[in-house]
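The values are calculated or read from the model by the stated rules, or taken from the named source; none is laboratory data. Bear in mind that the values here come from a model prediction, so they are computed numbers and not experimental data. Cβ: placed from backbone, ideal geometry, glycine included. Neighbour counts: every protein chain shown. Ligands, DNA and RNA are excluded from the accessible area calculation, which covers all protein heavy atoms including side chains. Shrake-Rupley method; radii C 1.70, N 1.55, O 1.52, S 1.80 Å.
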Amino acid sequence: MLGACHLSTGDIFRAAKSLKPCDCGPAVAEALEAMRRGELVVDNTIIAMVRERTRCLRCGGGFLLDGFPRTVGQAEALDAMLGESGIRLDGVLSYEMNIQEIVNRLSGRRTCAACKAVYHVTGRPPRKSGICDACRGELIQREDDRPESIRVRMQAYEENTRPLATYYAAQGSLIPVPATGTPEDILDRTLHLLVDRQ
Ligand code: AMP
């Protein structure tokens, strides 16, 4: 929609899940295990993965980093990569929502195994339970959206990711976005906040 290159570190791992075990090196196998438990993947693996894709940072339409950085160490590595290419961030979006609502959203999320469309069991249910409206594919729950993994993810967020708000506020690039309402409301709010900064 924005014409920007979308680089999601979580999507890269989900794609790696379909590799045969013999095609995945030990670092990826370890990363997939951490992901299943809801833990963060170690910084070195994530930073190496993003570094292999630095051409995305030079995309003519701009870029959108999704789920990266998640630790101060990753943010420092990103600053170094951007510095090498002479690029600066337009802004860092921080979606704000109370923890109970986050848990409700994650635990009710269902994703189409075929086309990756996203639903919610109560907020955005499919017409037929368990079946994707768009392609009739099977709707599945991400392993890391199960209650035991969600608890670990929330703790990882508090300990490792929340400090990034202070890091980016100090750089003047933090844009807090209230994440209430529908996905369309949130997109609209995000675009307005980005335009207001120009
Ligand atoms: P996401 O789709 O962004 O919620 O990421 C799903 C999972 O992938 C996370 O819970 C982590 O296990 C792993 N992951 C994705 N991005 C990162 C990152 N920047 N740092 C550490 N782990 C990550």
#### Entry: Percent accessible area from carbon and sulfur atoms, the chain, protein chains only, probe 1.4 Å
54 percent
### Query
Of L194, L139, H6, whose Cα points farthest to the positive end of the dipole of the chain (charges on the beta-carbon: +1 Lys, Arg; -1 Asp, Glu; origin at the Cα centre)?
L139
### Message
On a full-extension model of 0.36 nm per residue, what is the gain between V195 and L82, subtracting their alpha-carbon distance, rounded to one decimal in nm?
### Response
38.5 nm
### Task
Among G86, A117, G38, flag the residue with its Cα farthest along the positive direction of the charge dipole of the chain, charges on Cβ as +1 for Lys/Arg and -1 for Asp/Glu.
A117
### Summary
Out of G108, M49, P178 - ranked by how far each Cα lies towards the positive end of the dipole of the chain, with unit charges on the beta-carbon of charged residues - the top one is G108
#### Entry: Value at 222 nm in deg cm²/dmol, rounded to 500, when DSSP H runs of n ≥ 4 in the chain each add -39,500 (n - 2.57)
-13500 deg cm²/dmol
### Message
Take C115 and E184, extend 7 Å from each Cα along the Cα→Cβ direction, and tell me the distance between the two endpoints in nm.
### Response
1.8 nm
### Estimated D of segment 41-103 in µm² per second, where Rh is the Kirkwood radius over Cα pairs and Stokes-Einstein applies at 37 °C, 0.692 mPa s
251 µm²/s
### A15 versus D66: modelled label distance in nm, points set 7 Å from Cα along the beta carbon direction
1.2 nm
### Message
Quick check for me: using +1 on Lys/Arg Cβ and -1 on Asp/Glu Cβ, what's the dipole size of segment 22-70 about its Cα centre, in debye to the nearest 20?
### Response
260 debye
## Note on the structure
A student asked for the Cα radius of gyration and Dmax of segment 91-198 in angstrom ought to give 16.1, 48
### Message
From the P(r) of the chain, could you give the percentage of C-alpha pairs in the tail past 30 Å?
### Response
24 percent
### Query
Antiparallel DSSP bridges in the chain: what percent, to the nearest 5?
45 percent
### Taking all pairs of distinct alpha-carbon atoms in segment 1-89, Kirkwood radius in angstrom
13.9 Å
### Task
Report, in debye and to the nearest 20, how large the dipole of the chain comes out about its Cα centre when Lys and Arg carry +1 and Asp and Glu carry -1 on their Cβ.
640 debye
### segment 159-198: C-alpha gyration tensor shape, a/c 1.5 cut-off, then a/b vs b/c
oblate
